[in-house]
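Beneath this line is the structure, given in structure tokens, with notes to follow.
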Amino acid sequence: MTYRFPTQSNLYRGESEPVKRPKEFACFSYDEQHQYHIGDRSMKWYYTPALGADLSQGYEDFIKHDDSIDEHLDSLLTTIVHHEKETKKPIDANIVTWRGMMTKIMAVPFDNRDGFEMNATLYRGAIFIEENNEYKKASKEAQQNWRSAIPQDVMQYWGYKFETLSTIPRPWGETSRDYIENRDSHVTNNKEQYCSVVRTGIGKSIICIGGEVDAIWDSKPNPTYVELKTSANPTSGRDEENFHRKLMKWWIQSFLLGVPKIIVGFRSPDGILTKVEEIKTMTIPHMVKSMGKAHWDGDVCINFAGAFLEWLRQTITTEGVWRIRSAPKSNFIEVFQVEQVGHGNIITDEFMNWRIQL
Ligand code: A3P
Ligand code: MG
Ligand code: MG
């Protein structure tokens with residue numbers, strides 16, 4: 001049995017209901033070897049980068065995380081266990097997932113060029129959603145056949161290099177001048193990450209989301225997080241349209257974790273940092289509308305996600321593993337069962353053993 005949910009944007013028009021502000025309840029870090037630690041040890045502080053920097057510099061020394069390995073929801077579940085042990089009560093979410101999965105879902109009414117596949121399971125009243133790693137690997141390989149003047153790997157490095165150039169590991173008052181001035185010679189390592197875990201709501205569903213946060217503006221306990229992005233300098237009308245689409249992804253991504261600010265590093269075609277701009281996340285949907293020829297609508301994204309999650313909760317009502325699939329360019333999301341019993345590799349033993357006690 002395959003269940004289908006329509007994704008056409010015109011079905012979800014209209015002002016969205018006010019959305020709860022995401023609230024962080026836990027955080028974790030991966031260190032330079034990508035080892036998990038509870039807490040904020042890998043958090044970085046934003047510090048304005050120097051313009052004119054060459055984002056390709058140091059590419060040969062890039063320490064790159066192998067993202068073909070399937071990490072499932074493991075770190076998110078470990079963090080939830082830690083939180084539940086401290087509070088001695090289970091979290092109340094209906095949906096538990098990575099921010100990346102929610103981003104794909106929210107964007108689908110306007111962007112389904114590549115399609116997606118996820119695995120889901122119902123466990124103790126909540127639906128846990130992970131990426132289907134096989135599908136991710138296959139789409140990546142397909143993308144790599146796409147030729148451009150500058151290798152894809154180098155262009156991807158620019159994004160991480162911009163993070164290295166724009167952050168420091170301690171607040172500026174505790175960081176030496178020397179460190180700040182020599183950020184361009186620091187090795188870029190994307191194994192290291194800081195992740196925030198939040199409780200938020202969309203429509204009638206309470207969601208627990210984990211996602212990477214690039215940097216902090218000030219300091220805890222009331223931190224202002226920032227998202228760092230790079231983008232080519234827009235030159236033609238076509239670039240502008242692409243930029244609008246990019247803005248949608250940036251908005252959704254930051255909106256889901258409650259990240260209020262996005263710092264954009266604009267670059268020349270060959271990767272020289274030319275300009276840095278600050279965008280307030282909240283203003284993006286309005287900004288895009290006021291520029292005319294809007295290609296997307298934030299209210300539709302929210303209305304769609306609310307309706308879809310509610311439907312998903314009515315659809316996935318038994319154990320086993322379910323596939324959530326949206327084929328490239330299709331107008332619906334399909335949901336069907338792929339395993340009749342158990343929870344596949346979505347729920348870890350640690351999580352299961354702890355939850356049984358709880
Ligand atoms: P840019 O976004 O500046 O291009 P994030 O912005 O989510 O913090 O990710 C940091 C960088 O990781 C990105 O920098 C980009 O280089 C790379 N990246 C993220 N998602 C990617 C994807 N789906 N495909 C290729 N590269 C990606
Ligand atoms: Mg990031
Ligand atoms: Mg970023």
Quick check: is even one residue across the range 231-239 within 15 Å of ligand 1 (Cβ to nearest atom) and buried (at least 21 other Cβ atoms within 10 Å of the Cβ)? no
Would you check if there is a residue in the range 206-214 being more than 14 Å from ligand 2 (Cβ to nearest atom) and either surrounded by fewer than 22 Cβ atoms within 10 Å (Cβ to Cβ) or modelled with pLDDT under 95 (or both)? yes
Residues being assigned to a helix (DSSP H, G or I) and either surrounded by fewer than 16 Cβ atoms within 10 Å (Cβ to Cβ) or out of contact with any strand residue (DSSP E or B) (no Cβ under 9 Å at 6 or more places or on another chain) (or both): count how many of those fall in the range 84-110. 5
Confirm whether residue 113 is surrounded by fewer than 17 Cβ atoms within 10 Å (Cβ to Cβ), part of a loop (DSSP other than H, G, I, E, B) and in contact (Cβ under 8 Å) with a residue 40 or more places away in the chain. yes
Residues that are part of a helix (DSSP H, G or I) and either without any contact (Cβ under 8 Å) to a residue 40 or more places away in the chain or of a type in the set (S, T, N, Q) (or both), drawn from the range 158-213: 164, 166, 173, 174, 177, 178, 179, 181, 185
Return the residues of the range 308-323 that are at pLDDT 95 or above, farther than 13 Å from residue 1 by Cα and not small (Gly, Ala, Ser); say none if nothing qualifies. 308, 309, 310, 311, 312, 313, 314, 317, 318, 321
For residue 175: the one exception among (1) crowded, with 16+ Cβ neighbours inside 10 Å; (2) β-branched (Val, Ile, Thr); (3) more than 13 Å from ligand 2 (Cβ to nearest atom); (4) more than 24 Å from residue 300 (Cα to Cα): (1)
Subset of the range 14-35, residues under 18 Å from residue 198 (Cα atoms) and not β-branched (Val, Ile, Thr), comes to 18, 20, 21, 22, 23, 24, 25, 26, 27, 28, 29, 30
So how many residues does the range 143-169 have that are among the charged types (D, E, K, R) and over 24 Å from the mean Cα position of the chain (by Cα)? 1
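Please verify whether residue 102 is of a type in the set (A, V, I, L, M) and within 16 Å of ligand 2 (Cβ to nearest atom), treating the condition exactly as stated.
Details: of a type in the set (A, V, I, L, M): yes; within 16 Å of ligand 2 (Cβ to nearest atom): yes.
So residue 102 fits the description; yes.
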Go through the range 116-145 and count every residue that is crowded, with 17+ Cβ neighbours inside 10 Å, closer than 24 Å to residue 156 by Cα and hydroxyl-bearing (Ser, Thr, Tyr). 1
Taking the range 145-171 as the region of interest, how many residues are closer than 16 Å to residue 63 by Cβ and among the hydroxyl-bearing types (Ser, Thr, Tyr)? 4
Kindly provide the set of residues from the range 277-287 that are surrounded by fewer than 17 Cβ atoms within 10 Å (Cβ to Cβ) and touching a residue at least 12 places away in the same chain (Cβ under 8 Å), ordered by number. 277, 278, 280, 282, 287
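The values are calculated or read from the model by the stated rules, or taken from the named source; none is laboratory data. It should be emphasised that the depicted structure is a prediction, and the values quoted were computed from it without experimental measurement. We place every Cβ from the backbone using ideal geometry, glycine too, and count neighbours over all the protein chains shown.
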